[in-house]
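Contents: one structure, followed by commentary.
The values are calculated or read from the model by the stated rules, or taken from the named source; none is laboratory data. It should be emphasised that the depicted structure is a prediction, and the values quoted were computed from it without experimental measurement. Note that each Cβ is placed from the backbone with ideal geometry, even for glycine, and that neighbours are counted across all protein chains shown.
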């Protein structure tokens, strides 16, 4: 299912009516605003607005429930301000949603452009644009959420993103799954450094190996005056291509 195309089309309902309801609700609380652009995303529609001068953003965010009641939608999300813009965004759930899958995201990305990075796909933003992140810049990544919120799907998406763009020669995985539910699926792929670890007694050994490998790599980086793996590979490739890390 991960590698199928997006499924369904988003429907935001009556956009003009929703804009009018949002504007009128805020006016009822003495908050004059100028409604702006509307962005229809896969699961929510974002209505943007610009408050009049002197209006505190906290006053708008405090009306979260009132706006939700007026527009008969739950849950809604207020982003005040929208990062990088002097606007407030109110996100309303779509009446019908698009199921975002990996295929269209993966096929539309130019991996050669960022070949030195470990780019992972996270989904689409409120405007439907792909969201990518560089794993190199986030070496410690914590994924949390309630049951059924999509934690496992996110992990599969991250792994699949990396498998799709990196060869076994470029990337190796150590996967640990003591519950034996999700990750044993990957046993047999050439990117695995070892079969998926399901025995807790073997986890410590895997961590010890990883620490030794990390220390050895730091030594290799220091020997050639490189600050990271990418710069090391650039330098060493000119000397001995077989030693690329």
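Do we have any residue at all in region 82-94 that's farther than 20 Å from residue 38 by Cβ and part of a loop (DSSP other than H, G, I, E, B)? Looking through region 82-94, none of the residues is farther than 20 Å from residue 38 by Cβ and part of a loop (DSSP other than H, G, I, E, B). Each residue in region 47-70 was checked for being touching a helix residue (DSSP H, G or I) at 6+ places or on another chain (Cβ under 8 Å) and surrounded by 15 or more Cβ atoms within 10 Å (Cβ to Cβ), and 7 pass.
Residue-by-condition table, conditions (1) outside the structural domain of residue 85 (by TED's automatic domain parsing); (2) over 15 Å from residue 67 (Cα atoms):
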site	(1), (2)
8	yes, yes
33	no, no
36	no, yes
43	no, yes
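For residue 141, indicate whether it is touching a strand residue (DSSP E or B) at 6+ places or on another chain (Cβ under 7 Å) and on the phi < 0 side of the Ramachandran plot. First the steps, then the outcome.
Values: touching a strand residue (DSSP E or B) at 6+ places or on another chain (Cβ under 7 Å): no; on the phi < 0 side of the Ramachandran plot: yes.
Spelling it out, it is not the case that residue 141 is touching a strand residue (DSSP E or B) at 6+ places or on another chain (Cβ under 7 Å) and on the phi < 0 side of the Ramachandran plot.
The numbered conditions (1) more than 21 Å from residue 120 (Cβ to Cβ); (2) part of a loop (DSSP other than H, G, I, E, B) are all true for residue 219 except (2).
For (1) over 30 Å from residue 42 (Cβ atoms); (2) touching a helix residue (DSSP H, G or I) at 6+ places or on another chain (Cβ under 7 Å), each residue gets a yes or a no:
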site: 127; (1), (2): no, no
site: 158; (1), (2): no, no
site: 165; (1), (2): no, yes
site: 172; (1), (2): yes, no
site: 181; (1), (2): no, no
site: 187; (1), (2): yes, no
site: 202; (1), (2): yes, no
site: 207; (1), (2): yes, no
site: 226; (1), (2): yes, yes
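The residues of region 103-126 that are within 30 Å of residue 233 (Cα to Cα), surrounded by 14 or more Cβ atoms within 10 Å (Cβ to Cβ) and either modelled with pLDDT of 75 or more or assigned by TED's automatic domain parsing to the domain that holds residue 89 (or both), listed by number, are 105, 106, 117, 118, 119, 120, 121, 122.
Determine if region 177-199 includes at least one residue that is within 30 Å of residue 93 (Cα to Cα), in a helix (DSSP H, G or I) and outside the structural domain of residue 40 (by TED's automatic domain parsing). No, the conditions are met nowhere in region 177-199. Picking from residues in region 127-168 that are in a loop (DSSP other than H, G, I, E, B) and surrounded by 14 or more Cβ atoms within 10 Å (Cβ to Cβ), the one that is farthest from the chain's Cα centre (by Cα) is 166. Among the residues of region 8-33, those identified as outside any helix (DSSP H, G or I) and either more than 31 Å from the chain's Cα centre (by Cα) or surrounded by 12 or more Cβ atoms within 10 Å (Cβ to Cβ) (or both) are 8, 10, 11, 12, 13, 29, 30, 31, 32, 33.
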